[in-house]
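Single-structure report; data block below.
Here, each number is a calculation from the coordinates, and none is a lab measurement. A quick note: this is a predicted structure, and the numbers were derived from the prediction, not measured. Every residue, glycine among them, receives a Cβ derived from its backbone with ideal geometry; neighbour counts consider all protein chains shown.
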């Protein structure tokens, strides 16, 4: 019994010493981005959820663009549904849902704050597209249930898109 407890303690110590952390528990924080400013170019439905996710990562937001160390511009949101497959009788049997957002990340350089940089065609950050796709089967005899399934899938896709955006924002800053 004592030996078992000792082994468990040794295992816990080894795991904590090697840097192990639970999936999804990584904190990025403001040390990577400084003060961040979020901009939407057009209407983007994931702006507020992204702001909440970044706040949970302990990111500080600049009150004014000129004060920001990092500027993130969200644009080109696409929310679509397309037919993925058709049955032998010519009826839709599967749909594909897509949710994507364009992202540009601008960082401070040479002592000049990112928000104060003048953007030209030469120094414009590259547009990255972050997207999530899902497919689901469709049954016209159960339209209400399939509508509910689509609504639930879209909410899950939005949450996943926000997680992907956070990862893309921070992966470009390391």
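Quick one: if the Förster radius is 41 Å, what FRET efficiency do residue 147 and residue 126 give, using the C-beta to C-beta distance and rounding to 0.05? E(calc), rounded to 0.05, equals 0.60.
What is the gain in length, in nm to one decimal, between residue 89 and residue 154 on full extension, counting 0.36 nm per residue of separation less the C-alpha to C-alpha distance?
20.6 nm
Only Cα pairs under 8 Å and 6+ residues apart enter the sum, and on that basis the relative contact order of region 34-171 stands at 25 percent.
With both residues required to sit in region 34-171, DSSP beta bridges show an antiparallel share near 75%.
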